[in-house]
Amino acid sequence: MFLWTFFLGAQSAVSQSATEKPQSAASGSPSQASPEVNHPTSVQTVPSKGPSTTVASAAFVATPDPFGEAKVLFRKGHFDAALQKYQELLQGQPKSPDAYAGMIRVCLKMKNVQQAYETATKGLEVAGAAPVRVALGEVYFRQGKIHEAEQEWVNVINSGHQEARAYLGLARVRWAISMYKVGRAMIEKAHELDTTDPDIQKLWVGRLSRAEHIKYLEDYLAGETNDDADTISSTRHYLEYLKALDKQPKRNCHLVGNATATETELVRLLRDAVHIRGYGLSVAVNETAIGHWYIRNSHQP
């Protein structure tokens, strides 16, 4: 009887201590603290206000990004504010190549090519880094110095700097001389390096389907851009052209006959009564002669 009473008393004591542990833990008394408060479920009991919460919130405060702010102002067309922001950056970081490159592009958008060139020259003296040289290439390209611009961009890439706008510049050069395949490869590389640059995007979207291209232009025109009025008007006209083209039925070119080879006489084209300028083909539509198709004589100047 005594043993049974002792067992019941011990069991009651264990049950009581087990039920008292959460209360002592919640009370926060150091003398009655239990290791169980470190269990993951105890995270739910942390008060919503307190020093720990304040520290966690401070960790998520966005770090100021003055370069990002200047870039946003530039891309939205606020050129004066962007230029002022870059100038403020140079006051704190006099040798910042990104600040000089940003100022150069702002000047080009403001159609002040001379100031852009002077800024690039000063930037090379202070911080002749890759971003400044890429921007200088853009100044050369704007001045019509295509060879000089191309050389700047090639030198930057060959030096190991993967500058997206250097590939953008080379794409423009290649397209200017009808090297479309190489130009497409250059713009693909530029887009791979920077998918947020609007200038790169506008050239890269040419690879999209017509419906995707239309959607892109609609979104682009609906937002803020740094394009001038003429560029915006031209983009709107191109968008309307794409929409009209999309409504038309597909027209595929095909041969009207099964001939795989034929022979025809070449027509002599005279420069004067004596000298031959070259040879050509007689061209007719619906049996009506409309002229000659000139085949240039490679031996003639």
*With respect to residue 124, is the statement that it is modelled with pLDDT of 95 or more, farther than 22 Å from residue 228 by Cβ and out of contact with any Cys (no Cβ under 9 Å at 6 or more places or on another chain) true?*
no
*State the number of residues belonging to the stretch 216-230 that are loosely packed, with under 11 Cβ neighbours inside 10 Å and not in a loop (DSSP other than H, G, I, E, B).*
4
_Checking the conditions here, which among 216, 238 is over 22 Å from residue 109 (Cα atoms), of a type in the set (Ser, Thr, Tyr) and in contact (Cβ under 8 Å) with a residue 12 or more places away in the chain?_
216
*Can you tell me which of 176, 135, 171, 166 is closer than 19 Å to residue 202 by Cα, hydrophobic (A, V, I, L, M, F, W, C) and surrounded by fewer than 14 Cβ atoms within 10 Å (Cβ to Cβ)?*
176
*Kindly indicate which of 150, 118 is in the same structural domain as residue 90 (by TED's automatic domain parsing), surrounded by 19 or more Cβ atoms within 10 Å (Cβ to Cβ) and not aliphatic (A, V, I, L, M).*
150
*Number of the condition not met by residue 160 [criteria: (1) on the phi > 0 side of the Ramachandran plot; (2) touching a Phe, Trp or Tyr at 6+ places or on another chain (Cβ under 9 Å)]*: (2)
*Considering only residues of the stretch 245-296 that are out of contact with any strand residue (DSSP E or B) (no Cβ under 9 Å at 6 or more places or on another chain) and part of a strand (DSSP E or B), which is modelled with the lowest pLDDT?*
288
*Is there a residue being of a type in the set (D, E, K, R), at pLDDT 95 or above, more than 18 Å from the chain's Cα centre (by Cα) and over 30 Å from residue 244 (Cβ atoms) anywhere in the stretch 151-168?*
yes
*Taking into account only those residues within the stretch 66-104 that are among the charged types (D, E, K, R) and either assigned to a helix (DSSP H, G or I) or over 20 Å from the mean Cα position of the chain (by Cα) (or both), which is surrounded by the fewest Cβ atoms within 10 Å (Cβ to Cβ)?*
80
*asked:* Against the conditions (1) within 24 Å of residue 225 (Cβ to Cβ); (2) more than 18 Å from the chain's Cα centre (by Cα); (3) not hydrophobic (A, V, I, L, M, F, W, C), where does residue 145 fall short? Just the number, please.
replied: (1)
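The values are calculated or read from the model by the stated rules, or taken from the named source; none is laboratory data. The model shown is predicted, which means the values in this text are computed figures rather than measured ones. All Cβ positions, even for glycine, are placed from backbone atoms using ideal geometry, and neighbour counts span all protein chains on display.
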